[in-house]
Amino acid sequence: MNLVFLGPPGSGKGTQAKVICKELGILHLSTGDLLREGVKNGTDLGTQAKKYMEAGELVPDKLIVDLIEEKLASGALNNGYILDGFPRTVPQAEALRDMLAKNKSQIDKAILLDVSNDEVIKRLSGRFFCPNCSSGYNYPAQMPKQEGICDNDGVELQRRPDDEEDVVKNRLEVYIMQTSPIIDFYRQASLLFEVPAEGALKEITNALLKVIKED
Ligand code: AMP
């Protein structure tokens, strides 16, 4: 099962992809997570990506497409996956289609997590993560047992720097201008499925699984 999760920042792509990949035994590939890891470890890619990420801009297509090409060549994607945060532009979606075709593979479904603008802003302002184990929390829907502390390892929770209000505004604009055209790209390829993604986490997971498992 080769899936793409689409939706604005804060639509729950990462949270849902983690749960669903565990359930289906497939790989969760988040380009945002890979880039943040690169920034943390000071890799070449991380160093090049940092300034774009801090401004809420997209990292140039070539860097991201090379990263995905590397993953494909390594065989890491051979047993099914959810792509979360990639593709993010029409050229990235085209490059993905062409790279997969070379390997006689393809995307099975692109699933759009449908969330209103107001809900996205609310979620991003309540989003926290553990810098040690990467567990995610969202106030008030997903609170840790002790406020500000990770349930898994007791480490103090942080906010992503690009979740601050001024950067969020730009990320949403970038989503509308550069990323939302890929919704039509997948619609035209008859691969697009839409799932309402507001409400209880578990209900959204079930709705996504239903769409994923449907013929
Ligand atoms: P995310 O965690 O998916 O919200 O991504 C965080 C940031 O990483 C984005 O705001 C971009 O700066 C960068 N990024 C992640 N994925 C991509 C992509 N496919 N294309 C370009 N930039 C990306």
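Taking 0.36 nm per residue of sequence separation and subtracting the Cα-Cα distance, how much length would be gained by fully extending the chain between Thr43 and Ser125, in nm to one decimal?
26.6 nm
Hey, can you grab everything whose amide H is under 5 Å from the amide H of Val155? Only 5+ residues off in sequence or another chain; H modelled, so Pro and N-termini drop out.
Cys150
What distance in nm separates the simple spin-label points at Asp66 and Tyr139, each placed 7 Å from Cα in the Cβ direction?
4.0 nm
Add -39500 (n - 2.57) for each DSSP H run of 4 or more in the chain, then divide by its residues: what number comes out at 222 nm, to the nearest 500 deg cm²/dmol?
Calculated at 222 nm, the ellipticity per residue is -14500 deg cm²/dmol.
Pairs Lys51/Lys202; Lys40/Lys62; Lys62/Lys210; Lys13/Lys104; Lys13/Lys71: which exceed 31 Å Cα-Cα?
Lys51/Lys202; Lys62/Lys210
For Asn132 and Glu165, compute 0.36 nm times the residue count separating them, minus their Cα-Cα distance, and round to one decimal in nm.
9.5 nm
Evaluate the relative contact order of the chain (contact order divided by residue number), counting alpha-carbon pairs under 8 angstrom at least 6 apart; express in whole percent. Intermediate values should be presented prior to the final figure.
On the way: 296 pairs, mean separation 62.1, N = 215.
Relative contact order of the chain: 29 percent.
Find, to one decimal place in angstroms, the Kirkwood hydrodynamic radius of the chain, where the mean of 1/r is taken over every pair of different Cα atoms and then inverted.
17.8 Å
Figure the gain on full extension for Ser116 and Glu156 (residue separation times 0.36 nm, minus the Cα-Cα span) and round it to one decimal in nm.
11.4 nm
Count the DSSP beta bridges whose two residues both fall in the chain, then state the antiparallel fraction as a percent rounded to the nearest 5.
25 percent
When only Cα pairs under 8 Å and 6 or more residues apart are kept, what is the percent relative contact order across region 103-190?
24 percent
Percent relative contact order of region 91-148, based on C-alpha pairs within less than 8 angstrom and at least six residues apart?
The value is 17 percent.
Each value in this text was obtained by applying a stated rule to the coordinates, not by laboratory testing. Keep in mind the model is a prediction, meaning the values are calculated, not measured. In this analysis, Cβ positions are derived from the backbone assuming ideal geometry, glycine residues included, and neighbour counts consider all displayed protein chains.
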